[in-house]
Amino acid sequence: MEVKTSDFVTRVSSRRQPSAIRALQPLVGLPGMISLGGGLPNPDAFPITGISLTLSDGSQIPMSDEQLNAALQYGPTRGQPLLVNELIRMMNTYHHPKLPWDECLDILVSSGSQDALSRTFDMLLDENSAIIVEKPTYPGALAAIVPIGCTILGVETDGNGLIPESLKNVIEEHHRSGDGTKIKALYTIPTGQNPRGCTTTVERKEEVFRICHDANILILEDDPYYFLRYDFFDGRGEGDHWAPPRSYLSMDEDGRVLRFDSFSKIMSSGIRLGWATGPKPFIERLNLHMQAGSLHACSLSQVIVGEMLRLWGREKFESHIQKAQLLYRNRMLKFKEFMETHLDGLVEWDEPVAGMFAWMRLKGVKDTKKLVMEDCRERGVLMVPGNAFYADGDAPSPYVRASFSVAPLDKLEEAVRRLASLLRERS
Ligand code: PMP
């Protein structure tokens, strides 16, 4: 690994020390060990004696007494061993990381990817740092980054994702500017980007990786829509496995990629489970942030999802994500049809290949803020104005983000119809 952790971690983060009590955790289960160490509550004081979970196919997730105990008790910060093993298996299946697990790579389970992301920004960024984000980007990331007071640089995107040439220019310009801050990381959402809906091509990812390697910048790969690609069976036959394109994690030989995954879009968003995968020294430090914050992600959620993944194996997991992919693909195609019927000539967009967002440029509208926040709302349509997705949230934007994920199809069409009539009245 080429990356030196100490060049990237803030002074505040480097002062974090492991908790003496948390350090006892791995020793508790050793044969013959009598633990009077941790402050584990006595489960006899818990009123829950069983949990049953029924899946949409009618099958049940059984929970043994041992699992129930683990689900109701404090657990390791890294994550429940059952879930961690399943996640490592999943990362090997889909990402084939070049770096070996035991020496170089590790995993940390988090309360959704948001949890791991915001702790990562705290670990890396201070007022002397800079971070590069896509234009536009996820407001939840900006909410965690902006208050830190670091420099935020924006890189251009188009329908095929992040534009490598723009990344090169941003880095060169920052070096020329003499601003004095160190660019620590690129934060990127490579699949079904929020809000743009775009997916960065593998060719571009390879170029982006090279640029970050040359400039010694970390890559924060936030990929919660990874499983929501619409191309599950394109070009493949019945019984074939899902073969997603390469991720930044899979390209990493330097130890510069921290990847963030989430169960929110494919299992449940309320279950609050995500995980970070990356170079061991960074994941270990992130673990210290987690220790001091929430101790660990919810044990109950971890046991449930870990057991589901174990029972399902690859076949059932993929048949589940295939259903999710088809659902989103069909919704996108319906939304496209509604747009072609009602909004023809009034908006421009790039058809997504993954995810749940349409990023539309409203022709003839310089700033969508008033139109979205007042006019659309008066007509009973909620969307998000484009300016919300930029670090400089006050700058005018001709874009709006519409999500086609949950509204019933007749309502989805009605929303498009209402937007169309509003735009026609204005023109
Ligand atoms: N990153 C992006 C790009 C997102 O769109 C979201 C959810 N809206 C998150 C992270 C957070 O997801 P989670 O539910 O896993 O915390």
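When the residues of segment 143-180 are narrowed to those that are over 23 Å from the mean Cα position of the chain (by Cα) and touching a residue at least 40 places away in the same chain (Cβ under 8 Å), which ends up nearest to residue 354 (Cα to Cα)?
Out of the qualifying residues, it is 168.
For residues that are modelled with pLDDT under 95 and within 30 Å of residue 152 (Cα to Cα), tally how many sit in segment 398-427.
So the answer is 0.
I'd like the full set of residues that are surrounded by 20 or more Cβ atoms within 10 Å (Cβ to Cβ) and within 16 Å of the ligand (Cβ to nearest atom), limited to segment 119-134.
119, 120, 121, 131, 132, 133, 134
Report every pair of residues separated by at least 6 positions or lying on different chains whose Cβ atoms are under 6 Å apart, first residue within segment 105-128 and among the β-branched types (Val, Ile, Thr), second outside any helix (DSSP H, G or I) and modelled with pLDDT of 95 or more.
107/275; 107/277; 109/79; 109/275; 109/297
Return a yes/no flag: does segment 236-253 have any residue that is aliphatic (A, V, I, L, M), within 16 Å of the ligand (Cβ to nearest atom) and at negative phi.
Yes, segment 236-253 contains a residue that is aliphatic (A, V, I, L, M), within 16 Å of the ligand (Cβ to nearest atom) and at negative phi.
Can you give me the number of residues within segment 144-155 that are more than 11 Å from the ligand (Cβ to nearest atom) and farther than 10 Å from residue 183 by Cα?
Final tally of qualifying residues: 7.
State which residue is farthest from the chain's Cα centre (by Cα) when the search covers only segment 235-261 and only residues that are of a type in the set (D, E, K, R) and within 22 Å of residue 189 (Cβ to Cβ).
Residue satisfying both the conditions and the ranking: 254.
When you scan segment 405-427, how many residues do you find that are more than 15 Å from residue 361 (Cβ to Cβ) and either in contact with a strand residue (DSSP E or B) (Cβ under 6 Å, 6 or more places away or on another chain) or exposed (fewer than 14 other Cβ atoms within 10 Å of the Cβ) (or both)?
Adding up the residues that qualify gives 7.
For segment 28-77, which residues satisfy the criterion of being of a type in the set (Gly, Ala, Ser), in a loop (DSSP other than H, G, I, E, B) and in contact with a helix residue (DSSP H, G or I) (Cβ under 8 Å, 6 or more places away or on another chain)?
Those that are of a type in the set (Gly, Ala, Ser), in a loop (DSSP other than H, G, I, E, B) and in contact with a helix residue (DSSP H, G or I) (Cβ under 8 Å, 6 or more places away or on another chain): 35, 37, 38, 50, 75.
Any idea which of 219, 189 is in contact with a helix residue (DSSP H, G or I) (Cβ under 7 Å, 6 or more places away or on another chain) and within 16 Å of the ligand (Cβ to nearest atom)?
Exactly one residue qualifies, and that residue is 219.
For a quick check of your reading of the model, give me the residue pairs whose first member lies in segment 24-51 and is under 17 Å from residue 76 (Cβ atoms), whose second is acidic (Asp, Glu) and outside any helix (DSSP H, G or I), with beta-carbon atoms closer than 6 Å and at least 6 apart or on different chains.
Between residues of segment 24-51 that are under 17 Å from residue 76 (Cβ atoms) and residues that are acidic (Asp, Glu) and outside any helix (DSSP H, G or I), there is no close pair.
Among the residues in segment 292-309, are any more than 30 Å from residue 123 (Cβ to Cβ), part of a helix (DSSP H, G or I) and either more than 16 Å from the ligand (Cβ to nearest atom) or more than 22 Å from the chain's Cα centre (by Cα) (or both)?
Taking every residue of segment 292-309 in turn, at least one turns out to be more than 30 Å from residue 123 (Cβ to Cβ), part of a helix (DSSP H, G or I) and either more than 16 Å from the ligand (Cβ to nearest atom) or more than 22 Å from the chain's Cα centre (by Cα) (or both).
I'd like the full set of residues that are touching a Leu at 6+ places or on another chain (Cβ under 9 Å), in a helix (DSSP H, G or I) and polar (S, T, N, Q), limited to segment 262-291.
Within segment 262-291, 287 is the sole residue that qualifies.
When the residues of segment 121-135 are filtered to those that are under 13 Å from residue 146 (Cα atoms), not hydroxyl-bearing (Ser, Thr, Tyr) and not in a loop (DSSP other than H, G, I, E, B), which remaining residue is farthest from the chain's Cα centre (by Cα)?
Checking each candidate, the answer is 130.
The values are calculated or read from the model by the stated rules, or taken from the named source; none is laboratory data. The structure displayed is predicted, hence computed values, not measured ones. Because the Cβ atoms are built from the backbone with ideal geometry, glycine has one as well, and the counts that use them run over all protein chains shown.
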